Every structure is written in C-alpha cells, then in structure tokens.
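The values are calculated or read from the model by the stated rules, or taken from the named source; none is laboratory data. This one's a predicted model, so the numbers in the text were calculated from it and none came from an experiment. As a convention, Cβ positions derive from the backbone with ideal geometry for all residues, glycine included, and neighbour counts pool all protein chains shown.
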Amino acid sequence: MATTISATLPRQLSAGDLERLGARCGIAYRFPALADHEKAAQTPILRGRVDELELRRGIFLTRSDLTVLEPYASSSLAAAPLFITVILDGKVRLRLGEESLWLSPGQALCSRFDDRQALEAWQDAGQRLRTLNLAFRTDALAALTHQYPTLKALEEGPPALRRQTLPRHLLETLEEALASDGDCGDPRLLLDALMLQLLARMLASVNEATSDDTYHPPTAAIPSLSNGERDRLARVRQALDTHPEADHRLAELARLAAMSQSSLRAKFATAHGQSVFAYLRRRRLAKAAELLRQGMDVQQTAHAVGYGHASNFTTAFRRHFGMSPRAYRNAT
C-alpha cells in the first residue's frame, strides 16, 4: 500500500498559487471578485491547511481545513473515473452539465466526469471549509472493482452527481481519523478503511434519483410547507438577517411567525437545513468577519454582533473559521 504524503500546501494560498496548483493538477480557477489580474495574483484566497495522501497506488485522499478569504470557482480539466467529496464544515455548490446542487456539512457526493463534461465548484467567502476528497485513477478503480465486483455499478450509466447524507457514527470516525497525527497508530490505515465505508455508502445510493436533488434557496417551494408558512418563516429570517446582534428569543420569534415554538423549530429546519439559532450564529459570524475586515477591533466586533463576552465570541469564531478573530483581522 502506498502511503506517502505527495503534497502539503502552504498555510496561505494566493490567486497565483492556486493557478499554479491548477496547472499541475488539471483544475482551472476563477476569481470573480478580483478584476485587476496583476493585483489578483498576489491576493490571498485561502488560509489553512491542505495535504494529500496516496492511500493505495492511484487512490489519492486530500484533506483540507481552510478559511475562504475571497470567493472562487473551479473547473476540472482532467477526467476522473470516480471522485468522492465529504463536507465537514462549510457549503459548496457543484455543477456537472445541467445538474447542480449544494453540499452542506455531513454530506458526501460521488461523481465521475471526463474532459468533455467538467465538474464545476463554487465556494463563498467568509466560511471555514473542511473537506475530504477521494480521487481514483482508472487502474486503481479497476483493481478495487476486481476485489469488490459490486463497485462496477458506480461506473455505469451517464455521469451524475450522487449526494448522500452520512450517518453520525461515520462522520465521528472521519473526524477522529483527520485529527489524528499518529498518536493512535497509523491514521492512514483508518482512512483506508473509511474509504471502503464511503464507497459502500455511495454504492447504496447508486439507484436513487438525483434529478430533484438541488439546493432550495431560503423559503423556496418545499412540499411540506404551505405558502403562508413560507411567508411567516421569511419574517423570522428577515429579523435575524437585519438584526443579528439582537437578543433573539425563540418565544418572540415564534410569535412573529404565528407558530408554536416546536413548529418554528421544525419548519425553520425544513426550510433552511439548520436550526434557528445555528442560522443566527452563522449570520453573526459572517457580520463579524465583515467588521473585522473593515478594521474593527475584536472587543468592539464581539459586542456589535451580539456577544456579551469577547471570549465567547473568540471561541465561536475560531470554531467556525479555524482561526482567532485577531488572526483573521490581521490576515485580511
């Protein structure tokens, strides 16, 4: 089994760094927010860690823990007979031909593509993005299929995006393996076993339809919600968006939505894929990142977005972005 680390990227990547990386790896990067090409080449796009392991010959696992400083898009230029990505933090939009969807934390995607149909991805700025990617060369996939013939199903049919929500126990094991630096043996053995579990999960979903598996923007038409409920949920979302710093209480938000507290919890999660207060926390932290980029100090920012104590704000910010507010302010 090949287990060498084939690449470890620096902690900060500029647009120029990504373009050079893309030239080596067969990926085209675009930076829509950067108009001046000369200045863009030096502009930091990502901060954090990316490394790659060759689990078996021709099977590459890429681990990333990044803060996205500027929005960017990417398109594959090389064929991949099988590609799997798992989102642990952040949100990514993917497109293959006419099919597109969003991936959220706890979800995985299986796909294959060739040089005639590129896999495109979009990452928003201001988010912590933690992912695990598996890419298979043709010979490596053939060897695995020989060992596990049922995997042949992943190669059949037209290229498609297959999304799967992973069970909690698998996500916890993934987190353990990604956090390990050898203190519990060789983590690559665990990652190899997890690769097989991911393949099994993808195989189980191979026959599921994906034509309706698209991202619904907030309060879009969701079958389990009536038009009136969507309108009332929009009031709650508007209150959270307009005043993320306010001391929002579930009882008050439920009155605003003309729902019981339990109904608001359930219906908001249906519409937005997260709880009311998880949504509020993300809005507060997104606003905090904006204020820090404008030069506001950490204490002022904490109070401006509704945190009573700077220490609580720092803990939440670090958990979301992977760095302290002070480090983020200095980096941007």
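Before moving on, here are some points about what is shown:
- Given (1) touching an Asp or Glu at 6+ places or on another chain (Cβ under 9 Å); (2) buried (at least 17 other Cβ atoms within 10 Å of the Cβ), index of the condition ALA78 fails: (2)
- Residue in the stretch 176-210 that is modelled with the lowest pLDDT, counting only those that are in contact with a strand residue (DSSP E or B) (Cβ under 8 Å, 6 or more places away or on another chain) and not aliphatic (A, V, I, L, M): THR210
- So PRO105, is it at pLDDT below 85, in contact with a Leu (Cβ under 7 Å, 6 or more places away or on another chain) and in a loop (DSSP other than H, G, I, E, B): no
- Pairing each residue of the stretch 166-177 that is under 10 Å from LEU191 (Cα atoms) with any residue that is of a type in the set (Val, Ile, Thr) and surrounded by 12 or more Cβ atoms within 10 Å (Cβ to Cβ), provided the two are 6+ apart or on different chains, yields C-beta distances under 9 Å for LEU174/VAL86.
- Of the criteria (1) farther than 20 Å from GLY126 by Cβ; (2) at pLDDT 90 or above; (3) crowded, with 21+ Cβ neighbours inside 10 Å, which one ARG255 fails: (3)
- Test: residue in the stretch 110-122 that is within 17 Å of LEU21 (Cβ to Cβ), at pLDDT 90 or above and either in contact with a strand residue (DSSP E or B) (Cβ under 9 Å, 6 or more places away or on another chain) or assigned by TED's automatic domain parsing to the domain that holds LEU285 (or both): yes
- Unmet requirement for PHE313, which otherwise passes all of (1) farther than 30 Å from LEU101 by Cα; (2) without any contact (Cβ under 8 Å) to a residue 12 or more places away in the chain: (2)
- The number of residues in the stretch 277-301 being small (Gly, Ala, Ser), more than 19 Å from the chain's Cα centre (by Cα) and surrounded by 15 or more Cβ atoms within 10 Å (Cβ to Cβ) comes to 1.
- Qualifying residue in the stretch 154-169 (condition: surrounded by 13 or more Cβ atoms within 10 Å (Cβ to Cβ) and out of contact with any strand residue (DSSP E or B) (no Cβ under 7 Å at 6 or more places or on another chain)): no
- For the condition at pLDDT 90 or above and surrounded by fewer than 20 Cβ atoms within 10 Å (Cβ to Cβ), GLN274 does not qualify.
- Looking only at residues in the stretch 235-262 that are part of a helix (DSSP H, G or I) and charged (D, E, K, R), the one that is farthest from GLY306 (Cα to Cα) is ARG255.
- ARG255 vs. criteria in contact (Cβ under 8 Å) with a residue 12 or more places away in the chain and among the basic types (Lys, Arg): no
- Answer from ARG230, ARG265, ARG249 - the residue that is surrounded by fewer than 19 Cβ atoms within 10 Å (Cβ to Cβ), modelled with pLDDT of 90 or more, over 25 Å from ARG130 (Cβ atoms) and of a type in the set (Lys, Arg): ARG249
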